[in-house]
Each structure stands twice: as C-alpha cells, then as structure tokens.
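The values are calculated or read from the model by the stated rules, or taken from the named source; none is laboratory data. For clarity, every value in this text was computed on a predicted model and none was experimentally measured. Every residue, glycine as well, gets a Cβ built from its backbone with ideal geometry; the counts of neighbours run over all protein chains shown. Just the protein is used for accessible areas: all its heavy atoms, side chains included, with ligands, DNA and RNA removed. Shrake-Rupley method; radii C 1.70, N 1.55, O 1.52, S 1.80 Å.
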There are 2 protein chains.
Amino acid sequence: MPSSAPAEVPPPAAGSQGVEQVAPSFSPLYQQIKALILRSLQAGEWRPGEAIPSELELAARFKVSQGTVRKAVDELAADNLLVRRQGKGTFVATHHEEQIQYRFLRLEPDHADALGGGANRTFLDCRRLRAPADVARALQMKQGEMVVEVRRVLHFSGQPVVLDDIWLPGHLFKGLTAERLSQYRGPMYALFESEFGVRMIRAEEKLRAVLADDDVARLLEVAPGAPLLSVERLAYTYGDQPVELRKGLYRTDRHHYRNELN
Amino acid sequence: MPSSAPAEVPPPAAGSQGVEQVAPSFSPLYQQIKALILRSLQAGEWRPGEAIPSELELAARFKVSQGTVRKAVDELAADNLLVRRQGKGTFVATHHEEQIQYRFLRLEPDHADALGGGANRTFLDCRRLRAPADVARALQMKQGEMVVEVRRVLHFSGQPVVLDDIWLPGHLFKGLTAERLSQYRGPMYALFESEFGVRMIRAEEKLRAVLADDDVARLLEVAPGAPLLSVERLAYTYGDQPVELRKGLYRTDRHHYRNELN
DNA sequence: GAGTGGTCTAGACCACTCC
DNA sequence: GAGTGGTCTAGACCACTCA
C-alpha cells in the first residue's frame, strides 16, 4: 500500500517523526513498519515456521528504533501472524506445530472425561465444479469459475459429530484430491499452507440452528429432524482475501460450541 | 481489598527492577501495576464512566516511569476495563454510553436492511427462589441460596427472537423487580452497574441446537419442534467471579449468531 | 496554553536459548 | 559468551481537548 519506493521508510529527520507518505492519510511509523512486514509475509520473504530477522536487524533495515519495530511486531503477534519466543527469535506463525489440532474449531465435549484424544476424519468426496452463485459470491469469484468441493465427516470417540462441506478456489488448489487429503497427517490448514501456499489467518462464522434432512441424518447417525448447529465459515488469507467457504453441521448432543466474550 | 500496606510498590532501586514481593513468584513491574489498578477498580476507587488519574499521576503514585504505567493501562484497555481518550484522559469502562445496545449479544439480522433500529423487551417474570442445583453450581453458590430469576423476550422488528432465562445471586440484587427492569431505559447491564454496583466484564457462552417445546414455541411464535439456538452464558465480574447465568433460546430463521476467529 | 494520551528514541539491564 | 526477546527508564515531540 504505502510508497512506490523500495521497501524502506523515509528518514526520521532530526527530531524523529516527520514521516509524510505521498497520498494516503498519516499513520504512525510503527503502523507503516507493520504494513511493510505484512507485505514481506504475504510475499513469502520468510516462510511459515521460519524466523524473521531480529528486532535490531529490522530496526536497521527500516531505519527506526528497536522500540518502534517492537510495537509493530507486538501487534502482528497479537494477530497471530508472528510468534515470539524469548531467547530464540520471532517466527512466522504456521498451522504445523500447533498445539491444538483444529485452529478454528470451537467445538468441545460437554464432559472433559470424554477423551478428546483423536478425531478421525473421513473424506466422502472431493471434486471440481463450477462455482454455484452463493459460493462464488462468498469467495469473491465470478460465477462459473472452478472451485474444489470437499465433503468430510469428523468422528470423536467413534461418534460422527461434524459434517463439513468445503469450497476452495480452483486456481489456488490445483492438485488437491481426496487421496492427498486422506493421506495427510495433521490439520487440513497445514496441508493448504505447505502444499498450496495458502495460509488461513482469520475467519468469520455465522451460526444457526437447523433440522437434519435425511441425507445428513444418515451421515451423522441421528434421526431425521434432529436439531443441528449450522456453522458457516468464511476463512481469509493475507489482504482480507476470502479463500475458503465451509458449511458445517455439528451434532450438539454430547458437544457444544464454546465462545468467549470480552 | 487493598493490602495492609498503602497501595504502593517497593522502590525500583538504582538500576530499576529489583521488585521482590513477599510470597508469590516474580512478575514484571507493569503486571504488578496492572494488578494494583485492577484492585482499585474492584474497590470502586473510581466509578464507571469516571476518569482515572493521568499516567503521570499514576507513575508518581506507584513510583515507576510513565512507560510502565502505560503498558499496564494498555492491557487494561485491551481487556475493555478502561477506555482511553486522547486529550481527555483514561476512563473506567461503563455499560452506559455504549454505542451498541447489547454488549455481549452476537445476534445480527441476516439482511442488513432489516432495521436493527429497536429491540423491544418484554419481562415475563421476575421472582426470588432457592437456587436449583445447576444454577447454584454455575454461580458458585450453595444449593438453596436465594437467586433472582428473570424471564424476558426480545423482539426485533416486531418479531419475537430471543427468550432469556436469567439467574442472579439474590444477595447482590436485593431490590430487583420486574417493574424496575421494565421501566429502565438502556442495557440491563447498565442497570446492574449503577443500581447494584455489579459490573459485567466478560462472559463465556456454550451454544447448542435444540428443539422448541410447546411453552417456548408459543412465546417465540414458532411451531413446536422448530430448531432454536441455545445459548448458555455465564457472565463474570471482577476477580473472575460469576454473577449471572443466562439460558437463551434464539430464533435463527431471520438472524444468525456471528463470531470472529483470529 | 495547559493537560492529556500517542509516538519515537536511546540506552540500560534482565531472562532465556544455544553453542 | 553471544544473541534473542522482555522490561524499564528518561526525555522529547506530536495530536487532541478544553477553557
């Protein structure tokens, strides 16, 4: 966004400050630094899991003080784009090496004793098709462009709990097949990150209560007409670009969706 | 709550740092300052909506630098306990003068055109009774202690959408009646704050999909067996003390529960 | 113009990690 | 011991608010 000049910031001049970009409105130096680091992340200058340069190096590169870099990095870490590790460095966040299996899944068992040990995934389908109108709209694609459609079921403690229908832009996920998905160990978003270079960084969900139709009832092993939690998720990568639409149906007889309000 | 000693911190000594409280493990100075400010908030030294002392005053009072106070205040502002206003001061957060009517309500209309203008509240019931087991457990009270039970319906655009059953510790809400609730203009939490000195600062929700029983169906004007979003909320005041249990049932045919994941 | 929070700098020392 | 992020200080100037 900022200048046309190389990824550098105008010199702070004597009494510091005095940064005047060309067109846009003023913004604090640390916000500009944040934007520059963000640009490097998006461009893949440092890959997920790798360390970025130290604060002192970044300060030298951008010709600002360490404190200013620190504030920029603090915000990026708060956004879960970077991870700070004292004594080691600052790292690009990754869906690999994550403590929790499912980064965005807010479902948890009603009773902790129900071991959350393993979720088994079953991929029922993975095909390419022309985007239906609502999918195209959500993913900001043209209607009729190719998308990948995936259907899967998650089992907890042997019970089917989640049925997900997932749509991904076809041009970003060229070699994606049911086989690749089935064979992969670890979070789906980790696969997307390392195999397709698409990193999910935030998401929005819309929740509703719905009734199971016959198809869904069979797959989730509930009676037709049973209540299900409908979770429509739109996930974004860098630059607020939507790259995944997911319509999930959750059984909530032994689990619940947990949310914290602040 | 303040300590036996005046609310002050040991002097930083020459090379700064060197703060050693008696028993607990070490923690950064700004965390200790944060805890002291929190204590003052809880004790009501400054009331909701009022300004707290300026950063320089606080720095003098706690015998630390302005930067350290700033970091403490930054975190309290991030937690929505304080509100910073440039040029004016830092203020204790309040449920009055809030832009949005419902601080914790995540429900929004499917189509923005559906005017969110006004939500009409109808209070169906407000009585005192001995806490049922589950309510007592959630509110960390003894079973059989008195609680206030409130039932209300929210209407949006003339349609009933939310049915809430609310339980509050009786000893904290002595004079609460249906009449007080009905007459009050503004958020319920604002009433709780100014009339009963109980400020809600965060909450946890558990969501499920359920079916409407006959009673509920009548009140929300849906068919018996219609799907409803069940939202169980536990709201906390200072010190992680639970002070409100709320079981809500939401119609989600024209609205949805919105959540952001980061 | 005084007072407030907001930004930026420079330099110090601490805590942790790794060699 | 060198290098990293984490904390703390002191002082400067900026942007905003209000009298």
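Each part gets one Cα centre, and for segment B:72-139 versus segment B:143-188 those centres are 14 Å apart.
Under the convention that each Lys and Arg Cβ holds +1 and each Asp and Glu Cβ holds -1, the size of the dipole of the protein assembly as shown around its Cα centre is about 420 debye.
Which percent of the accessible heavy-atom area of segment A:98-257 goes to carbon and sulfur, probe 1.4 angstrom?
Details: 3510 of 7340 Å².
The C+S portion of the solvent-accessible surface of segment A:98-257 is 48 percent.
Peptide packing for B:219-230, A:82-93 was compared via the average number of neighbouring C-beta atoms within 10 Å per residue; ordered from the highest value, the list is B:219-230, A:82-93.
Projected onto the charge dipole of chain B (+1 at Lys/Arg Cβ, -1 at Asp/Glu Cβ, origin at the Cα centre), which of B:H256, B:F173, B:H111 gives the Cα projection farthest towards the positive end? Going by the charge dipole, the pick is B:F173.
Under the convention that each Lys and Arg Cβ holds +1 and each Asp and Glu Cβ holds -1, the size of the dipole of chain B around its Cα centre is about 360 debye. In segment B:229-262, comparing the full protein assembly with the chain on its own, the residues that lose 40 Å² or more of accessible surface at a 1.4 Å probe are B:T252, B:H256, B:Y257, B:R258, B:N259, B:L261, B:N262.
Rounded to the nearest 500, the helix-only mean residue ellipticity at 222 nm of chain A stands at -7000 deg cm²/dmol, with each DSSP H run of n ≥ 4 adding -39,500 (n - 2.57). Where is the GNM fluctuation largest for chain A (alpha-carbon springs, 10 angstrom cutoff): A:R251, A:R180, A:R151? Taking springs between Cα atoms under 10 Å, the residue moving most is A:R180. Excluding same-chain neighbours fewer than eight residues apart, the lysines reachable from B:K206 by a Cα-Cα span under 25 Å are A:K206, A:K247, B:K142, B:K247.
Residues of segment B:199-226 buried by at least 40 Å² of accessible area upon assembly of all protein chains, compared with the chain on its own (1.4 Å probe): B:E204, B:E205, B:K206, B:L207, B:R208, B:A209, B:L211.
Considering only protein heavy atoms, with the full assembly of protein chains and a 1.4 angstrom probe, order B:D215, A:D110, A:D164 by accessible area, largest first.
Numbers: B:D215 85, A:D110 45, A:D164 5 Å².
From most exposed to least exposed: B:D215, A:D110, A:D164.
Nothing charged except the Cβ atoms of Lys and Arg (+1) and of Asp and Glu (-1): what's the magnitude of the dipole of segment B:19-92 about its Cα centre? Round to the nearest 20 debye. Write out the running numbers ahead of the final one.
Numbers: 10 positive and 8 negative charges, 31 e Å.
I would put it at about 160 debye.
Per residue, the protein assembly as shown exposes 51 Å² of accessible surface when a 1.4 Å probe is rolled over the protein heavy atoms with every protein chain present.
Buried area at the B:A interface is about 2700 square angstrom, summed over both chains, from accessible surfaces computed with a 1.4 angstrom probe.
The share of accessible area on segment A:19-92 that comes from carbon and sulfur is 52 percent, using a 1.4 angstrom probe. Shape class of the protein assembly as shown from the Cα gyration tensor (axes a ≥ b ≥ c, square roots of the eigenvalues): oblate, since a/c reaches 1.5 or more and a/b does not exceed b/c. Copy-to-copy label distances for A:Q42, where each label lies 7 Å from Cα along Cα-to-Cβ, are 4.4 nm in order of increasing length.
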